[in-house]
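The values are calculated or read from the model by the stated rules, or taken from the named source; none is laboratory data. This is a predicted model, so every value here is computed, not measured. Cβ atoms come from the backbone with ideal geometry, glycine included; neighbour counts cover every protein chain shown.
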Amino acid sequence: MEIIEKLKAQNVKFIEMWFTDIVGNAKSFSITLDELPDAIESGKGFDGSSIEGFTRIHESDMIAKPDLTTLQIFPWGDRKYRVARVFCDIHNPDGTSYEGDPRNVLRRNLKKANDMGFNFYVGPEMEFFYLASSRTTEVLDKGGYFDLTPPDIGDGLRRKTIIALQEMGITVEYSHHEVAPSQHEIDLRYDEALRMADNVITFKYVVKEIAQQNGYFASFMPKPIFGVNGSGMHTHQSLFKANKNEFFAKNEPHYLSAIAKKYIAGLLQFSKQITLITNQWVNSYKRLVPGYEAPVYVTWACRNRSTLVRVPQYKPGKEKSTRVEYRSPDPAANPYLAFSVMLRAGLYGIENSLELSSPSEANIYDFSKEKLESNKIQMLPGSLIEAIQETEKSELVKEALGNHVFNTLIENKNRVWEDYRSHITSYELKNNLPTL
C-alpha cells in the first residue's frame with residue numbers, strides 16, 4: 001500500500017485516530033503503523049459508552065474509520081519514531097454512519113447545501129490566552145491590540161505555532177496580539193467547512209502543545225479573566241457555486257447579492273436559537289455582555305463591530321472575499337456543530353426568501369434600553385439556561401443536528417447548568433458571607 005510505504009519512509013511508527021465527542025473535546029487512540037491497513041479496510045472498534053454523547057452501555061460498540069485525506073505527521077518529537085494523526089468517521093457495527101458523530105452531522109448539512117448548488121466555506125478568527133500555567137490566570141504580558149511589546153513571549157509562541165500548523169498543511173493568514181493582556185489571535189485562511197472544522201480541532205491542539213513545550217499554558221476558555229475582553233471565534237462564511245462567490249453582486253448596495261441578504265436574514269432570525277451551539281458553556285455568557293466588544297445585539301452592519309453580523313468592506317478585484325462574519329461564536333464551541341447550525345440558519349433564509357432588515361451602523365453599545373426597544377433590537381441569550389430554553393423549542397436546530405445529537409446535547413447542557421447553579425461561587429463568599 002503506497003500510503004504505508006510513504007509513512008515508513010518518514011519513520012512514522014504510530015497513528016493517532018482522532019474524533020470528537022458531542023461537545024467538541026478531541027478524543028483519540030493510537031495504533032501502530034502495521035495496524036493501519038486493517039483500520040483502512042475495516043475500521044477499529046472502541047467503547048462508545050465512555051464518550052460524551054455517544055452510545056449507552058448496552059450498545060457501546062463503535063467503529064472508527066480513518067479519513068486518509070486528513071492524515072498528517074506531527075512536526076515535533078523524536079524523528080526516529082514519528083507520530084501522525086488522522087481524523088476518523090464513526091460508524092455503527094453494521095457499517096452505517098453513526099448519527100451521534102459531530103463530523104457526520106456537518107457532512108449531512110453540507111450535503112443539503114450541495115443539493116442547493118452551494119459549497120460552504122468558512123474562515124474563523126481564533127482568539128485565546130497564554131497563561132503561566134493551567135492553575136492560574138497569571139498573564140505573560142500587559143500588551144493590547146496589535147501591540148509589539150518586546151520581549152513578548154506570546155509573539156514567539158505564536159510564530160512557533162504557525163510554523164507547526166503550516167507543516168501540517170494548515171494555512172494561516174495572519175496573527176497578532178489581541179485587546180486583553182496575554183490574549184492572542186491567529187486567523188486561519190478560509191476553506192471548505194468540513195476541512196476547516198478538522199483544522200480548528202488541530203489548531204487548538206497545536207496551540208496548547210507548543211505552549212506546553214515551552215512551559216506555558218494556552219486557554220480557549222471564552223472569558224478566563226474578569227474585567228477584560230473574552231475570546232471569540234468570529235466565523236467568516238460564504239457560499240460558492242463552482243469558482244463563483246454567490247455572496248457578491250457588483251451593482252448592489254454593499255456588493256451583497258440577494259442570496260447573501262437572505263442568508264444574513266436567516267442568521268439573524270435564528271441567532272437566539274443557535275447560540276447554545278455557538279456558545280455552549282456557562283463561561284461563554286461571561287463574554288457575551290455589553291462593553292467588551294462581544295456582540296450581544298441581534299443586528300447587522302458593514303463596518304460596525306458592535307453588531308452580531310458584520311459584512312467586511314469589499315475591495316475591488318476581491319470578489320471571492322465577499323463574506324459574512326458571524327461574531328458571537330467562541331473558540332470553546334464544537335466547530336462541527338457550530339458550522340452546521342450557522343449554515344442551516346443561512347440556508348433557511350435563502351429557501352424562504354427572508355427579507356433583510358436595514359443595517360445598524362450606529363454604536364449599539366451606547367443605546368439606552370428605550371432606544372433598543374424602539375428600534376426593535378433583540379439581545380442574544382444572557383445565560384446558559386436562557387440559551388437552553390431558546391434551543392429546546394427550535395425545530396431548525398433539531399433538524400440540523402439530528403434527534404440524537406439534539407436531545408443528548410440538551411441533556412448535557414441541562415446537567416451543566418444544574419451543577420453550576422448549585423455551586424457556591426467566590427463572588428457570593430466575598431460579597432455575602434461577611435454580611436448575611
### Task
Could you list, in sequence order, all residues of segment 348-369 that are exposed (fewer than 15 other Cβ atoms within 10 Å of the Cβ) and in a helix (DSSP H, G or I)?
Glu351, Tyr365, Asp366, Lys369
#### Entry: Tabulated pairs, segment 70-89, first free of Cβ contacts under 8 Å to residues at least 24 places away in the same chain, second part of a strand (DSSP E or B) and of a type outside the set (Lys, Arg), C-beta under 7 angstrom, 6+ apart or interchain
Gly77/Val83
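Can you tell which of Val405, Val397 is β-branched (Val, Ile, Thr) and over 30 Å from Ala258 (Cβ atoms)? First the steps, then the outcome.
Numbers: Val397 fails: over 30 Å from Ala258 (Cβ atoms).
Checking each option against the conditions leaves just Val405.
Run down Leu337, Leu372 and say which single residue is out of contact with any Cys (no Cβ under 7 Å at 6 or more places or on another chain), modelled with pLDDT under 95, in a helix (DSSP H, G or I) and not acidic (Asp, Glu). Break it down into steps so the answer makes sense when it comes.
Working: Leu337 fails: modelled with pLDDT under 95.
Checking each option against the conditions leaves just Leu372.
Of the residues Gly77, Gly117, Gly100, which single one is in a loop (DSSP other than H, G, I, E, B) and in contact with a Phe, Trp or Tyr (Cβ under 8 Å, 6 or more places away or on another chain)? Walk me through how you get there before you give the answer.
Values: Gly77 fails: in contact with a Phe, Trp or Tyr (Cβ under 8 Å, 6 or more places away or on another chain); Gly117 fails: in contact with a Phe, Trp or Tyr (Cβ under 8 Å, 6 or more places away or on another chain).
Every option except Gly100 fails the conditions.
Only one of these is outside any helix (DSSP H, G or I), in the same structural domain as Ile274 (by TED's automatic domain parsing) and surrounded by 18 or more Cβ atoms within 10 Å (Cβ to Cβ): Ala332, Ala345. Name it.
Details: Ala345 fails: outside any helix (DSSP H, G or I).
So the residue among Ala332, Ala345 that is outside any helix (DSSP H, G or I), in the same structural domain as Ile274 (by TED's automatic domain parsing) and surrounded by 18 or more Cβ atoms within 10 Å (Cβ to Cβ) is Ala332.
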#### Entry: Hey, Phe129 surrounded by 15 or more Cβ atoms within 10 Å (Cβ to Cβ), modelled with pLDDT of 95 or more, farther than 30 Å from Ala400 by Cβ and under 22 Å from the mean Cα position of the chain (by Cα) or not
yes
### Which listed residue is assigned by TED's automatic domain parsing to the domain that holds Arg421 and in contact with a Pro (Cβ under 9 Å, 6 or more places away or on another chain), from Leu384, Leu356, Leu337
Leu337
### Query
Condition test on Lys250, is it basic (Lys, Arg) and either part of a helix (DSSP H, G or I) or under 23 Å from Gly24 (Cα atoms) (or both)?
no
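Inside segment 382-435, counting only helices (runs of 4 or more DSSP H) that do not spill past its ends, which hold 2 or more residues that are of a type in the set (Ser, Thr, Tyr) and more than 21 Å from Phe339 (Cα to Cα)?
On the way: elements: 384-392, 395-401, 403-421, 426-431.
Passing ranges, in order: 426-431.
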### Which numbered condition Gly156 misses (of (1) assigned by TED's automatic domain parsing to the domain that holds Lys398; (2) in a loop (DSSP other than H, G, I, E, B))
(2)
### Task
Please find, within segment 265-302, the residue that is surrounded by the fewest Cβ atoms within 10 Å (Cβ to Cβ) out of those that are small (Gly, Ala, Ser) and in contact with a Pro (Cβ under 7 Å, 6 or more places away or on another chain).
Ala301
